[in-house]
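Step one of this worksheet: look at the structure below.
The values are calculated or read from the model by the stated rules, or taken from the named source; none is laboratory data. The shown structure was predicted, so the numbers you read here are calculated from the model rather than taken from an experiment. Because the Cβ atoms are built from the backbone with ideal geometry, glycine has one as well, and the counts that use them run over all protein chains shown.
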């Protein structure tokens, strides 16, 4: 049996700050996945994570250039996520480690993927009587 020590007040405050930071980052990811721009990234969150990590590892000048390129190409949601993650990395005091925001990314992408699967299943259920009247080719196209 393991013994453990209850955290002191300072540690409790740090843990509370980390928990709220995690929830904040997770909500930002969830809102970003609701945009048309990043909706497709839900299917392969690892590739999206790798893209974020590659951008975050750049030097400040290159990073700012990347942000400008994203904004020019109409990818404001990705640019705002990168800005948020960069700010979190550079803030003093207790903050999320990289593994924590990556976990939040994974969790929210799975949540968004489950949401879209349930939306598709519900739409198919509601359209089932209409789809019965279609031939196989039209039914396949509609699905």
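Before moving on, here are some points about what is shown:
- Yes/no for residue 65 being surrounded by fewer than 17 Cβ atoms within 10 Å (Cβ to Cβ), farther than 22 Å from residue 23 by Cα and without any contact (Cβ under 8 Å) to a residue 60 or more places away in the chain: yes
For every residue, the table says whether it meets (1) over 27 Å from residue 28 (Cα atoms); (2) touching a helix residue (DSSP H, G or I) at 6+ places or on another chain (Cβ under 8 Å); (3) modelled with pLDDT of 85 or more.
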position: 96; (1), (2), (3): no, yes, no
position: 109; (1), (2), (3): no, yes, yes
position: 116; (1), (2), (3): no, yes, yes
position: 126; (1), (2), (3): yes, no, yes
position: 143; (1), (2), (3): yes, yes, no
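- For residue 133, the conditions (1) at pLDDT below 90; (2) touching a helix residue (DSSP H, G or I) at 6+ places or on another chain (Cβ under 7 Å); (3) farther than 26 Å from residue 16 by Cα; (4) not in a helix (DSSP H, G or I) all hold with the exception of (2).
- Filter pass, residue 87 being in a helix (DSSP H, G or I) and either modelled with pLDDT of 90 or more or closer than 15 Å to residue 43 by Cα (or both): no
- Among the criteria (1) in contact with a helix residue (DSSP H, G or I) (Cβ under 8 Å, 6 or more places away or on another chain); (2) outside any helix (DSSP H, G or I); (3) surrounded by fewer than 12 Cβ atoms within 10 Å (Cβ to Cβ), the one residue 47 does not fulfil is (2).
- Scanning the range 76-102 for residues that are in contact (Cβ under 8 Å) with a residue 24 or more places away in the chain and either farther than 18 Å from residue 54 by Cβ or touching a strand residue (DSSP E or B) at 6+ places or on another chain (Cβ under 8 Å) (or both) yields a total of 6.
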